[in-house]
1. Among the residues of the stretch 431-438, is any closer than 21 Å to ALA164 by Cα, in contact with a Phe, Trp or Tyr (Cβ under 9 Å, 6 or more places away or on another chain) and of a type in the set (Phe, Trp, Tyr)?
2. Just to be sure I understand, how many residues within the stretch 54-72 are closer than 16 Å to VAL26 by Cα and of a type outside the set (A, V, I, L, M, F, W, C)?
3. Whether any residue in the stretch 217-225 is of a type outside the set (Phe, Trp, Tyr), near the ligand (Cβ under 10 Å from one of its atoms), at pLDDT 95 or above and in contact with a Phe, Trp or Tyr (Cβ under 7 Å, 6 or more places away or on another chain) is what I want to check.
4. Check every one of the helices (runs of 4 or more DSSP H) wholly within the stretch 195-301 and list those with 1 or more residues that are in contact with a strand residue (DSSP E or B) (Cβ under 8 Å, 6 or more places away or on another chain).
5. If LYS339 satisfies every condition in (1) within 27 Å of PHE128 (Cα to Cα); (2) away from the ligand (no atom under 16 Å from the Cβ); (3) not aromatic (Phe, Trp, Tyr) but one, which is the exception?
6. Which residues, counting only those in the stretch 157-177, are free of Cβ contacts under 8 Å to residues at least 24 places away in the same chain and within 34 Å of the chain's Cα centre (by Cα)?
7. Kindly indicate which of ASN313, ASN329 is assigned by TED's automatic domain parsing to the domain that holds THR234, surrounded by fewer than 16 Cβ atoms within 10 Å (Cβ to Cβ) and more than 17 Å from ILE394 (Cβ to Cβ).
8. For the stretch 398-448, enumerate the residues that are at negative phi, exposed (fewer than 15 other Cβ atoms within 10 Å of the Cβ) and outside any helix (DSSP H, G or I).
Amino acid sequence: MNHISIIDIFNSEDYFSKEVNICGWVKTFRANRFIALNDGSSMKNIQCVIDFENTDPDKLKKISTGAALSINGEVVNSQGSKQSIEIQVNNFEILGESDAEVYPIQPKKHSFEFLRENAHLRTRTNTFSAVMRIRSSLSFAVHNYFNLNGFYYVHTPIITASDAEGAGEQFRVTTLDMKNIPVDESGTIDFKKDFFGKETNLTVSGQLEAEAFAMSLGKVYTFGPTFRAENSNTSRHLSEFWMIEPEVAFMDINGNMKLAEDFLKYIIDYVLKNNSEDLEFLETRLLNEEKQKPQNERNELSLIEKLNFVLENEFKVITYTEAIDILRNCKPNKKKKFKYLISEWGADLQSEHERFLVEKEFKCPVVIYNYPAKIKSFYMKLNEDGRTVRAMDILFPGIGEIVGGSQREERLDVLLNRIEEIGIDKKELWWYTDLRKYGTAVHSGFGLGFERLVMFVTGMSNIRDVIPFPRTPQNAEF
Ligand code: 4AD
């Protein structure tokens, strides 16, 4: 008999009074009789009732927390008050035993730090299985949105010779012998001898290649892993994270801001409609956590209220200059409460400033645009004032920056000047500048950090807890 998913038994009356085969892992086993079985298909465990008097005692002993079981039994009305249906077990097989004494996922509360060290098993817990089901749903919603709106999906390369962000925080890809690195006459590393005949790295963004596709297919997006070698050990940074990057020809910065807002609202609405059980579980978890905090530090909105709030309200749109004026005159700046005080136009916004704007000043998602050229990437369109670029960042409550994007510089001469100013080798970008020679046009795009979105939607406070196996400085276990 083919086994069926536990969620299907709860969702369909067709199985009632029938014999089914289910497989899963034991969450708890009590009174030598009641197994709570979970197969990951949903939050719900199904109670399986064993006729222990007629079962081999040695086999009974092997039903322990974490063991994998295959159960044949009839779906019946439950005698207990906690569940509507249960399985009356006819026979069962122990597929894989588990030593309950040392099984790390005991039926009790574990700290997230402990579970990070056991990331291979942490999705057996309610919290992590809920987070990962929501992550899966969000990915699906991303593809759905773009598919419904006429975008093509592009697989941009992971190994690249161009530094898309010009920040130089990349992981090198090489097959050179580290113990015997070839050098040329001047003593510098001879990358001609390397696998690709040039210096290559893991990509920090698929944007530049996506631009080439936007300038032919019109509306495209990438959704893939990106890598950053910055030594940021924070709760919002990963060394390997997933980014969604749409790129659209003939669209300016205003269209870009509207697209980002519409897209974010669609995917949040999607999980509210399709993941209610997991969201409700995470909401209760957070409410219990909130109770431990002093009254004045508690969130005003619950998780689901916060998601609905984002759906129902327009994002606040302000220029960088307006943001600086607010920050310069705000209480924490005047009282020197910020670590980085804002004194003049041109300062880079730190996460404390972003969070002040979102959480204290506007209390809603904020879009900031027209940033100083000096603090932004070379490819952003220079405004007429000669000192700002058409960049936009979207800031979310509890997260800070979730989206970074811009209208791209489509004028060849201006782009070449910017490349030179920043000191990037323009020979490496010959194909990128070519796009400005043959049918150049206004175009724009943005990057959404997928894990930051998952954090926002699930209410998890550490980015390491929303990706299956996190990569961070000094940590590549699993
Ligand atoms: O602002 P960023 O660096 O933008 C780009 O890479 C552009 N090329 C995107 C584009 O225009 N196509 O990164 C975009 C987003 C950030 O807003 C943030 O959400 C996320 O990527 N991000 C990170 N997420 C996790 N860990 C990190 N180290 C991240 N760095 C950026």
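The values are calculated or read from the model by the stated rules, or taken from the named source; none is laboratory data. What you see is a predicted model; the values in this text were computed from it and never measured. Using ideal geometry, Cβ is built from the backbone for each residue, glycine included, and neighbour counts are taken over all protein chains shown.
1. For the stretch 431-438, residues closer than 21 Å to ALA164 by Cα, in contact with a Phe, Trp or Tyr (Cβ under 9 Å, 6 or more places away or on another chain) and of a type in the set (Phe, Trp, Tyr): present.
2. First, the residues of the stretch 54-72 that are closer than 16 Å to VAL26 by Cα: 59-72.
Add one more test, that the residue is of a type outside the set (A, V, I, L, M, F, W, C), and what stays is 59, 61-62, 64-66, 70, 72.
Here the count works out to 8.
3. no
4. On the way: elements: 207-217, 253-274, 276-291.
So the answer is 207-217, 253-274.
5. LYS339 satisfies all of (1) within 27 Å of PHE128 (Cα to Cα); (2) away from the ligand (no atom under 16 Å from the Cβ); (3) not aromatic (Phe, Trp, Tyr) except (1).
6. Going residue by residue through the stretch 157-177, those that are free of Cβ contacts under 8 Å to residues at least 24 places away in the same chain are 168, 175-177.
Of everything in the stretch 157-177, those that are free of Cβ contacts under 8 Å to residues at least 24 places away in the same chain and within 34 Å of the chain's Cα centre (by Cα) turn out to be GLY168, THR175, LEU176.
7. On the way: ASN313 fails: more than 17 Å from ILE394 (Cβ to Cβ).
Unique residue meeting the criteria: ASN329.
8. Residues satisfying the conditions are ARG411, ASP425, LYS426, LYS427, LYS437, TYR438, ALA441.
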